[in-house]
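Chemist: Take this structure, written in structure tokens, and hold onto it; I'll ask about it next.
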Number of protein chains: 2
Amino acid sequence: MTADSANEFTKRSFLTLEQAIRNDLAEGRLAVDRRLPSERELAERYRTTRITLREALSHLEMDGLIYRENRRGWFVSGRRLVYNPLWRTDFQRMTREQHRQASTELIEAVSAVAPDAICGLLEQPPGTEFWRIRRRRMVDGRLVVFVEHHLSKTMFPDILEQDLTGSLTNLYREKYALEYGDVSFEINPIALTGMPAAELHCSDGTFGLQIVRVNRDQTGRILDCDVEYWRHDAVSIRIDTRDNAA
Amino acid sequence: MTADSANEFTKRSFLTLEQAIRNDLAEGRLAVDRRLPSERELAERYRTTRITLREALSHLEMDGLIYRENRRGWFVSGRRLVYNPLWRTDFQRMTREQHRQASTELIEAVSAVAPDAICGLLEQPPGTEFWRIRRRRMVDGRLVVFVEHHLSKTMFPDILEQDLTGSLTNLYREKYALEYGDVSFEINPIALTGMPAAELHCSDGTFGLQIVRVNRDQTGRILDCDVEYWRHDAVSIRIDTRDNAA
DNA sequence: TCACCTCGTTGGTATAGACCAGATGAGAGG
DNA sequence: CCTCTCATCTGGTCTATACCAACGAGGTGA
């Protein structure tokens with residue numbers, strides 16, 4: 001690279017830089033989930049500093065083209081998982097229908113006092129104990145969502161003895177004869193911190209989507225409340241009232 | 001401030017810094033939509049550099065506590081507007097029900113070829129011309145969303161002669177006797193760039209939510225397609241199937 | 001064979017200083 | 001009184017450099 005071409009970068013060089021990486025991604029020179037070269041190497045290659053380089057990478061991250069794993073590096077994002085929070089379908093089936101492979105990992109399953117906000121959503125007094133099930137899920141080998149379920153201890157007295165790495169939907173149906181009915185949920189764009197960030201291996205403060213869902217059975221009784229924390233680049237929320245009419 | 005207390009900031013000082021600003025916000029020392037002191041002033045006050053200061057501010061921005069306007073400064077975020085993309089309610093009414101004040105500004109209303117993706121959603125061949133209406137909306141005086149509507153030219157031949165700063169929902173009903181029926185939409189977390197960023201007065205690359213919505217009338221005919229770009233900290237998506245059953 | 005430790009590399013965070021371009025407000029001119 | 005111009009301030013971007021802590025690979029010892 002000559003001094004002249006380096007000069008092209010003098011103003012808003014991170015844009016050029018960003019575009020260069022965009023091209024590499026678009027033309028498939030970088031495969032999905034593959035790690036990018038180290039920041040120092042990229043900075044040198046584009047004749048800039050790490051600060052500027054990281055500025056460009058942040059933009060690409062916000063745009064969902066790349067993601068990073070805490071202290072491990074930057075990786076190429078795959079296509080987004082299409083997710084309809086209104087569907088009763090379980091995660092495994094949903095991913096299979098999109099020709100993708102999912103897996104679930106149980107982090108903990110204990111009895112615990114739910115935060116006041118959760119108790120409120122579950123229409124119970126503050127300080128109520130619930131089963132708290134924490135899990136995380138992967139799609140095509142990548143960690144994409146951390147989920148915290150809060151369930152009634154009286155409705156599901158022995159649920160901790162079941163296999164909790166599978167679908168709770170199926171457990172409800174098969175063991176407790178409960179079907180999903182109405183659902184309500186809330187989507188908030190937030191920064192991932194603390195446990196969700198740690199479990200998803202992303203650095204504290206990474207952008208994410210929080211989805212809080214309250215599920216009811218066919219008679220309107222509240223079944224449980226899920227709090228999901230998604231890597232923002234891994235998901236696309238899609239809802240069609242025609243699908244949910246039935 | 002002594003040299004000793006400055007040393008407390010030597011490691012991950014942006015966290016301390018972040019917490020300090022969080023406290024200021026929580027205790028109301030900074031009012032909603034009020035401008036924060038300049039970056040240089042804050043950096044000096046917290047005895048750090050602008051880079052580090054901006055790191056802390058970015059975290060708060062991602063968490064939705066503050067937002068920035070391009071080259072104008074940082075401001076305190078208000079509470080999120082609760083938004084249900086399934087409702088037929090118009091924007092004005094929705095905000096009024098939440099005791100907030102809304103206004104709409106027309107940016108342009110022209111005939112234009114829609115991008116291929118939009119033509120696809122509207123079930124028309126690529127290259128089809130539609131009315132393209134661009135608007136932006138404020139809540140309590142703050143710009144929160146940029147919207148691009150694409151409508152059929154044959155269904156609404158004279159819509160450009162109407163008042164386009166009000167509710168399109170109402171126009172459909174009153175002038176064309178059309179009611180909303182099914183709706184489908186998609187939510188994507190993305191980086192705001194180009195026109196949406198410029199119209200929302202946010203710097204290129206600011207994080208936002210894109211909501212693409214396709215509206216149908218009571219007979220299932222496609223009415224229009226809206227592409228909305230929201231400031232991420234200004235909105236909370238909330239849906240309850242019990243509300244939409246009727 | 002496997003647990004443990006060491007060490008190089010990487011990302012995470014920080015300092016110090018600089019210039020540019022857009023936004024703003026005060027002052028000049030009509 | 002209004003409009004236009006210009007200096008000033010602010011955020012936006014950049015260079016150059018440094019240290020720390022975590023990750024991972026490879027070697028060591030039980």
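Chemist: Go through A:Arg136, A:Arg34, A:Arg132 for me and flag whichever is within 16 Å of DNA strand C (Cβ to nearest atom) and either more than 25 Å from B:Pro85 (Cβ to Cβ) or not assigned by TED's automatic domain parsing to the domain that holds A:Asp204 (or both). Walk me through how you get there before you give the answer.
Modeler: On the way: A:Arg136 fails: within 16 Å of DNA strand C (Cβ to nearest atom); A:Arg132 fails: within 16 Å of DNA strand C (Cβ to nearest atom).
Checking each option against the conditions leaves just A:Arg34.
Chemist: Quick one: which residue in A:Thr95, A:Thr89 is away from chain B (no Cβ under 14 Å) and in a loop (DSSP other than H, G, I, E, B)? Spell out how you get there, then give the answer.
Modeler: Working: A:Thr95 fails: in a loop (DSSP other than H, G, I, E, B).
Only one candidate qualifies: A:Thr89.
Chemist: Which condition does A:Ile51 not pass, out of (1) farther than 22 Å from A:Trp230 by Cβ; (2) part of a strand (DSSP E or B); (3) within 16 Å of DNA strand C (Cβ to nearest atom), if it passes all the others?
Modeler: So A:Ile51 meets the others, but not (2).
Chemist: Also, I was wondering about something else. Answer yes or no as to whether B:Arg12 is more than 14 Å from DNA strand C (Cβ to nearest atom), basic (Lys, Arg) and either within 35 Å of the chain's Cα centre (by Cα) or modelled with pLDDT of 80 or more (or both).
Modeler: It is false that B:Arg12 is more than 14 Å from DNA strand C (Cβ to nearest atom), basic (Lys, Arg) and either within 35 Å of the chain's Cα centre (by Cα) or modelled with pLDDT of 80 or more (or both).
Chemist: Shifting gears a bit: Conditions first: (1) touching a Ser or Thr at 6+ places or on another chain (Cβ under 8 Å); (2) under 22 Å from A:Glu186 (Cα atoms). A:Val139 passes all but one, so which condition is the exception?
Modeler: Only one criterion in (1) touching a Ser or Thr at 6+ places or on another chain (Cβ under 8 Å); (2) under 22 Å from A:Glu186 (Cα atoms) is unmet by A:Val139, namely (2).
Chemist: Quick check: anything in region A:105-127 within 14 Å of chain B (Cβ to nearest Cβ) and of a type in the set (Asp, Glu)? Walk me through how you get there before you give the answer.
Modeler: Quick first cut of region A:105-127, residues within 14 Å of chain B (Cβ to nearest Cβ) only: A:117, A:121, A:123.
From what is left, the residues that are of a type in the set (Asp, Glu) are A:123.
For region A:105-127, residues within 14 Å of chain B (Cβ to nearest Cβ) and of a type in the set (Asp, Glu): present.
Chemist: May I pose another question? Filter region B:184-240 down to the residues that are part of a helix (DSSP H, G or I) and crowded, with 23+ Cβ neighbours inside 10 Å, then identify the one that is farthest from the other protein chains (Cβ to nearest Cβ).
Modeler: The initial filter retains those residues of region B:184-240 that are part of a helix (DSSP H, G or I), namely B:194-199, B:232-234.
This time we only want the ones that are crowded, with 23+ Cβ neighbours inside 10 Å, so: B:196, B:232-234.
Details: B:Pro196: 13, B:His232: 4, B:Asp233: 8, B:Ala234: 10 Å.
For region B:184-240, the residue satisfying everything is B:Pro196.
Chemist: Okay, moving on. Consider B:Ser38 carefully, then state whether it is out of contact with any helix residue (DSSP H, G or I) (no Cβ under 8 Å at 6 or more places or on another chain), hydroxyl-bearing (Ser, Thr, Tyr), modelled with pLDDT of 80 or more and more than 9 Å from DNA strand D (Cβ to nearest atom).
Modeler: Answer is no for this residue.
Chemist: Separate question: Consider A:Asn170 carefully, then state whether it is of a type in the set (S, T, N, Q) and within 13 Å of chain B (Cβ to nearest Cβ). First the steps, then the outcome.
Modeler: Working: of a type in the set (S, T, N, Q): yes; within 13 Å of chain B (Cβ to nearest Cβ): no.
No: the conditions fail for A:Asn170.
Chemist: Now for a separate question. I'm trying to understand the selection: among the residues of region A:43-79, which are closer than 29 Å to A:Ile237 by Cβ, more than 8 Å from DNA strand D (Cβ to nearest atom) and among the charged types (D, E, K, R)? Steps first, please.
Modeler: As a first pass, look at region A:43-79 and keep what is closer than 29 Å to A:Ile237 by Cβ: A:54-70, A:72-79.
Then keep just the ones that are more than 8 Å from DNA strand D (Cβ to nearest atom); that gives A:54, A:57-68, A:73-79.
Once the filter is applied, which keeps residues that are closer than 29 Å to A:Ile237 by Cβ, more than 8 Å from DNA strand D (Cβ to nearest atom) and among the charged types (D, E, K, R), region A:43-79 yields A:Arg54, A:Glu61, A:Asp63, A:Arg68, A:Arg79.
Chemist: Further, regarding this structure: Could you check region A:118-144 and list, in sequence order, the residues that are in contact with a Gly (Cβ under 9 Å, 6 or more places away or on another chain) and either closer than 23 Å to A:Thr193 by Cα or crowded, with 21+ Cβ neighbours inside 10 Å (or both)?
Modeler: A:Cys119, A:Val139, A:Arg142
Chemist: Run B:Gln162 past the list (1) within 12 Å of chain A (Cβ to nearest Cβ); (2) polar (S, T, N, Q); (3) free of Cβ contacts under 8 Å to residues at least 60 places away in the same chain and report the number of the one that doesn't hold.
Modeler: Result: B:Gln162 passes all but (1).
Chemist: Please list, ordered by first then second residue, the pairs with beta carbon atoms under 6 Å, 6 or more apart or interchain, first in region B:26-39 and under 16 Å from B:Gly78 (Cβ atoms), second modelled with pLDDT under 90 and surrounded by 13 or more Cβ atoms within 10 Å (Cβ to Cβ).
Modeler: B:Leu30/B:Asp24
Chemist: Out of curiosity, is B:Val82 within 14 Å of chain A (Cβ to nearest Cβ), more than 16 Å from DNA strand D (Cβ to nearest atom) and in a strand (DSSP E or B)? Before the answer, list the steps.
Modeler: Working: within 14 Å of chain A (Cβ to nearest Cβ): yes; more than 16 Å from DNA strand D (Cβ to nearest atom): yes; in a strand (DSSP E or B): yes.
Yes; evaluated as a whole, the condition is true for this residue.
Chemist: Kindly establish whether B:Leu57 is outside any strand (DSSP E or B), of a type in the set (A, V, I, L, M), within 25 Å of A:Phe207 (Cβ to Cβ) and within 14 Å of chain A (Cβ to nearest Cβ).
Modeler: yes
Chemist: Output yes when any residue across region A:167-182 is part of a strand (DSSP E or B) and either in contact (Cβ under 8 Å) with a residue 40 or more places away in the chain or over 30 Å from B:Gly181 (Cβ atoms) (or both), and no when none is.
Modeler: Going through region A:167-182, the residues part of a strand (DSSP E or B) turn out to be A:180-182.
Next, only the ones that are either in contact (Cβ under 8 Å) with a residue 40 or more places away in the chain or over 30 Å from B:Gly181 (Cβ atoms) (or both) stay: A:180.
Taking every residue of region A:167-182 in turn, at least one turns out to be part of a strand (DSSP E or B) and either in contact (Cβ under 8 Å) with a residue 40 or more places away in the chain or over 30 Å from B:Gly181 (Cβ atoms) (or both).
Chemist: What number of residues within region B:128-158 satisfy the criterion of being more than 30 Å from B:Arg72 (Cβ to Cβ), assigned to a loop (DSSP other than H, G, I, E, B) and out of contact with any helix residue (DSSP H, G or I) (no Cβ under 7 Å at 6 or more places or on another chain)? Give the steps one after another, and end with the answer.
Modeler: To start, the set of residues in region B:128-158 that are more than 30 Å from B:Arg72 (Cβ to Cβ) comprises B:128-131, B:150-158.
So of that shortlist, the ones also assigned to a loop (DSSP other than H, G, I, E, B) come out as B:128, B:152-158.
Still in the list and also out of contact with any helix residue (DSSP H, G or I) (no Cβ under 7 Å at 6 or more places or on another chain): B:152-155, B:157-158.
The qualifying residues number 6.
Chemist: Does B:Leu223 meet the test of being touching a Gly at 6+ places or on another chain (Cβ under 7 Å) and assigned by TED's automatic domain parsing to the domain that holds B:Val113?
Modeler: On the way: touching a Gly at 6+ places or on another chain (Cβ under 7 Å): no; assigned by TED's automatic domain parsing to the domain that holds B:Val113: yes.
Against the criterion (touching a Gly at 6+ places or on another chain (Cβ under 7 Å) and assigned by TED's automatic domain parsing to the domain that holds B:Val113), B:Leu223 does not qualify.
Chemist: So, of the residues in region B:63-79 that are in a strand (DSSP E or B), away from DNA strand C (no atom under 14 Å from the Cβ) and among the hydrophobic types (A, V, I, L, M, F, W, C), which turns out to be farthest from the other protein chains (Cβ to nearest Cβ)?
Modeler: To start, the set of residues in region B:63-79 that are in a strand (DSSP E or B) comprises B:66-69, B:73-76.
From what is left, the residues that are away from DNA strand C (no atom under 14 Å from the Cβ) are B:66-67, B:76.
Remaining after also requiring among the hydrophobic types (A, V, I, L, M, F, W, C): B:66, B:76.
Working: B:Ile66: 12, B:Val76: 17 Å.
Looking at the filtered set, the residue picked out is B:Val76.
The values are calculated or read from the model by the stated rules, or taken from the named source; none is laboratory data. Everything numeric here is computed off the predicted structure, so don't read it as measured data. Because the Cβ atoms are built from the backbone with ideal geometry, glycine has one as well, and the counts that use them run over all protein chains shown.
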